[in-house]
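Heads up, the thing below is written out as structure tokens.
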Amino acid sequence: MTQLHAAIQEVTERIKAKSADGRRDYLERMQAARMQKPQRTHLSCGNLAHGFAACDANHKQALAAESAPNIGIVSAYNDMLSAHQPYADFPPIIKQAADEVGAVAQFAGGTPAMCDGVTQGQPGMELSLFSRDVIALSTAVALTHGMFDAALCLGICDKIVPGLFMGALAFGHLPVIFVPGGPMPSGLPNAEKSRIRQLYAEGKVGRAELLRAESESYHAPGTCTFYGTANSNQMMMEAMGLHLPGAAFVNPNTPLRTALTRAATQRAAEITAQGNDYRPMGEVVDERAIVNAIATLVATGGSTNHTIHLVAMASIAGIRIDWTDIADISRATPLLARVYPNGQADVNHFQAAGGTGFVIGQLLAAGGLHGDVETVIGKGLSAYAREPWLSEGRLDWRDAPAESGDRDVLRPANDPFDSEGGIRLLTGNLGRSIIKVSAVNPQHRVVRAPAAVFDDQDHVLAAFKEGKLHRDAIVVVRGQGPRANGMPELHKLTPALGVLQDLGFKVALVTDGRMSGASGKVPAAIHVSPEAASEGPIGRLREGDIVSLDSEKMTLTAEVPVAEWNARPQWRPDPRKSAFGFGRELFASMRGTATTPEQGAITLLGAA
């Protein structure tokens, strides 16, 4: 076995040390919840009768006789999200596959699934981050009936997989397999989509042409094909051993996709506490699995949103991580993939070039991953360096390619695109923040310029259209943290800032909000903590202050004399601005209790 990289080992041991008490308590709770016999045997007759009232006679008999494992289906299906629309057909497939191995499958419950692509730049986006915790609660409600011996979680997109993950971990004594739906086929090339967006931002094309380009990009059932948060989710589920190997990027409505869904169902039936190969989620997800998730995330240029989500996800299992851990793993992990926005390829091209199996195989060989972990299919991560295929109509696995099919998309660990993954931690008198430099050209990674201060992204765009930002500037958008307005993504700023950069201006973004998982070529110090609503120093910045964003020295500073800086009054956002409309009034308690982004922006009391 390849020796683990020293930095990966060091971070893992650090995480274990600070997680010791929380992890012990979690595992003790999960052990107490484990039952050798199905939990439904402890239900009263009235409880159980309610639990299988809608089943047919055979399934009633199986559940009453305790002879069959019962698999709970938790799905984020809706037919407005392209990624989740294929899930409409999954329950019948799952139920038939369960029947074939003497198991039962019941649809346990649904969770909400909002689309950031629809709400981007709209008031509804202020509910997006908090929807993760709502999904976690919904998953817990689905599984709390005590009817199930294992669960299948059906979800793909941004907050949905983290929410399902968190809710399922609360039932970590159960085996859980995540069942993806796959990406849509490739549409309009990413370079052309970006070109049209920038032309629209400059007023050179109209809405009709923009809508045509967007429709040709997002055009079919399946996940959006850029490498944002949704597809980063899938990479991490592979690395944590919660998928069947290679399940992430198989297109929807194909024979291979159906075969993987069937196989996931039948595997779930095999790994319950009543069998001989018990694999509870709470033991699969340990400190090593979290480190593996971080390593594959940064090796593929994944979404910065996971510097928030992974912290929250790990916390449910009693594991404590922070941005220093993530940044240290990123510095020790080579960048192996260039997928849009870190390149021009999409995830279908990534899959064709070698996909998840190639990445995991390369990292394992380089000592960049813990190989000795538990997964839903067995001991060791090496099985995830394989890929699924249909051999004479039957599902099988073969070794992933040893060589990249396209070195412009995937590189081996001994010849990477970069020696590091690209997620860095910035510190200074403005607080702590995250920057992703993997898509930023080296000449743009250091920016020193006057601050242009805003408290609303629409004000930024208005200033851009009026020509007021056609200069060197660090655009500061404050009042965008979880306690201010739910921490919406500010992705609609990307085209305008990209135009300014292309015009030769030195430009960067500094914000206590989020950028999309699709953030790209403009340097952006995001998640600045503490946020302005918590009296963070970003609230002391004033128009014209010189700000230095240096992602090489990993600093973010306002060049203001200390005495003047300390004497300045603190700006805080008006809480009434995001208090009402689009359901925001219902989320006031979440805004009031959310932890910092580095703590996961979590609103579930006691979880963090």
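The values are calculated or read from the model by the stated rules, or taken from the named source; none is laboratory data. No experiment lies behind these values; they were computed from the predicted model shown. Positions of Cβ are backbone-derived with ideal geometry, glycine not excepted, and every protein chain shown enters the neighbour counts.
Scanning region 357-386 for residues that are among the polar types (S, T, N, Q) and in contact with a Pro (Cβ under 8 Å, 6 or more places away or on another chain) yields a count of 1.
Among helices (runs of 4 or more DSSP H) entirely within region 203-274, having at least 1 residues that are surrounded by fewer than 18 Cβ atoms within 10 Å (Cβ to Cβ) and in contact with a helix residue (DSSP H, G or I) (Cβ under 6 Å, 6 or more places away or on another chain) singles out 207-217, 255-270. The numbered conditions (1) more than 22 Å from D372 (Cβ to Cβ); (2) of a type outside the set (A, V, I, L, M); (3) in contact with an Asp or Glu (Cβ under 7 Å, 6 or more places away or on another chain) are all true for T333 except (1). Cβ separations smaller than 8 Å between residues 6+ apart or across chains give no pair from region 270-299 residues that are outside the structural domain of L244 (by TED's automatic domain parsing) and touching a residue at least 12 places away in the same chain (Cβ under 8 Å) to residues that are among the aromatic types (F, W, Y) and surrounded by fewer than 24 Cβ atoms within 10 Å (Cβ to Cβ). Residues in region 403-418 that are out of contact with any helix residue (DSSP H, G or I) (no Cβ under 6 Å at 6 or more places or on another chain) and either of a type in the set (D, E) or in the same structural domain as S303 (by TED's automatic domain parsing) (or both): E403, D408, D415, D418. Mind listing whichever residues of region 142-167 are in a loop (DSSP other than H, G, I, E, B) and under 11 Å from the mean Cα position of the chain (by Cα)? Selection gives I156, C157, D158, K159.
Against the test of being farther than 20 Å from G182 by Cα and either basic (K, R) or at pLDDT 90 or above (or both), the options N78, N47 yield a single qualifying residue, N47. A search for C-beta distances below 6 Å between a residue of region 491-505 that is over 9 Å from A201 (Cβ atoms) and any residue that is surrounded by 19 or more Cβ atoms within 10 Å (Cβ to Cβ) and hydroxyl-bearing (S, T, Y), counting only pairs 6+ apart in sequence or on different chains, returns H491/S516.
Among strands (runs of 3 or more DSSP E) entirely within region 356-474, having at least 1 residues that are hydrophobic (A, V, I, L, M, F, W, C) and exposed (fewer than 15 other Cβ atoms within 10 Å of the Cβ) singles out 386-391.
Here is a yes/no grid of residues against (1) hydroxyl-bearing (S, T, Y); (2) at pLDDT 95 or above; (3) out of contact with any strand residue (DSSP E or B) (no Cβ under 7 Å at 6 or more places or on another chain):
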position: E214; (1), (2), (3): no, no, yes
position: H219; (1), (2), (3): no, no, yes
position: Y227; (1), (2), (3): yes, no, no
position: G246; (1), (2), (3): no, yes, no
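For region 585-602, the criterion of being farther than 18 Å from L469 by Cα, among the β-branched types (V, I, T), in contact with an Asp or Glu (Cβ under 6 Å, 6 or more places away or on another chain) and modelled with pLDDT of 95 or more is satisfied by no residue at all.
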